[in-house]
Amino acid sequence: MPKVVDATERLALIHDATIRLIVTGGVAHASLRNVAAEAGINIGSVRHYVGSTGNLLRGVVEAMSQAVTDRLESYDVAVLQQLGPQESFELAVDMLCELIPLDDQRRTEAAVWLALLEHSRVHGDLGGAFDYMASGIRILTTGILTAAGVRDPELPAEALACALDGLVVAMVAAPEHYSPEFAKNLVHWQLRQAVAGTGRS
């Protein structure tokens, strides 16, 4: 009998191979042929599951977005309002730190994310996937500031999201300058500024 291939596992294999290629050689290196070789499968199988390079890259963005979402779903923003001020603040910092490259997995995600963002800027074929992730980050920052009692969280939530975006770029560009402890302290400071600079209800 022919071997039954699990489609989810095969897609994960293809996406993981694509991520490795982007990390080592950039998006241009992630051709379907190179992905097939990296994954150890034939190119026909890659074409069967992703169809085109554009679909492949969109799938990688969606898979990475889902990985971040899964990590964040282990937290509950509503709990912030049930904790004391210090506990609530520290939990909020932990939630925001899920978005920055503090370990190998998140460093890989960040490097690939920025490479794909530049690809999308030039080619314009991945914008929708990035919009979804950006929206999710702003929902998170708005929820955190609302739980902290900020009366009008829209502007500080956007500023906080932008600060996190900038920190990700800095950590990818010069990782030697940003230890996990220092990066977390920066997130702590940014959140404190966002809360203290707006007033509370």
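The values are calculated or read from the model by the stated rules, or taken from the named source; none is laboratory data. In this text, all values refer to a predicted model and were calculated from it rather than measured experimentally. Virtual Cβ from ideal backbone geometry, glycine too; neighbours counted across all protein chains shown.
Here are some notes:
- Number of the exception - D125 against (1) in contact (Cβ under 8 Å) with a residue 60 or more places away in the chain; (2) among the charged types (D, E, K, R); (3) assigned to a helix (DSSP H, G or I): (3)
- Residues being over 15 Å from the mean Cα position of the chain (by Cα) and at pLDDT 90 or above - total across region 123-146: 5
- Filtered residues of region 86-100 (kept if closer than 19 Å to T142 by Cβ and of a type outside the set (D, E, K, R)): S88, F89, L91, A92, V93, M95, L96, C97, L99, I100
- Candidate set: region 183-201, residues that are closer than 13 Å to A92 by Cβ and among the basic types (K, R); chosen: the one nearest to the chain's Cα centre (by Cα): K184
- Picking from residues in region 143-201 that are out of contact with any strand residue (DSSP E or B) (no Cβ under 9 Å at 6 or more places or on another chain) and not in a helix (DSSP H, G or I), the one that is surrounded by the most Cβ atoms within 10 Å (Cβ to Cβ) is P153.
- Positions within region 155-182 being closer than 17 Å to C97 by Cβ, more than 16 Å from the chain's Cα centre (by Cα) and of a type in the set (D, E, K, R), in sequence order: E181
- Residue check, Q105 assigned by TED's automatic domain parsing to the domain that holds A148 and modelled with pLDDT of 90 or more: yes
- Restricting attention to region 89-106 and to residues that are over 10 Å from the mean Cα position of the chain (by Cα) and not hydrophobic (A, V, I, L, M, F, W, C), the residue that is farthest from G25 (Cα to Cα) turns out to be E90.
- Listing of helices (runs of 4 or more DSSP H) fully contained in region 31-115 that carry 3 or more residues being within 20 Å of A183 (Cβ to Cβ): 53-72, 85-97
- Of all residues in region 35-56, none satisfies being closer than 24 Å to A161 by Cβ and surrounded by 16 or more Cβ atoms within 10 Å (Cβ to Cβ).
- A single entry from S65, S88 fulfils the requirement of being assigned by TED's automatic domain parsing to the domain that holds F130, at pLDDT below 95, touching a Phe, Trp or Tyr at 6+ places or on another chain (Cβ under 7 Å) and among the hydroxyl-bearing types (S, T, Y): S65.
- Scan of region 6-30 for residues that are part of a helix (DSSP H, G or I) and of a type in the set (A, V, I, L, M, F, W, C), ordered by number: A7, L11, A12, L13, I14, A17, I19, L21, I22, V23, V27, A28
- Of the residues making up region 131-189, those that are of a type in the set (A, V, I, L, M, F, W, C) and touching a Cys at 6+ places or on another chain (Cβ under 8 Å) are A183, V187.
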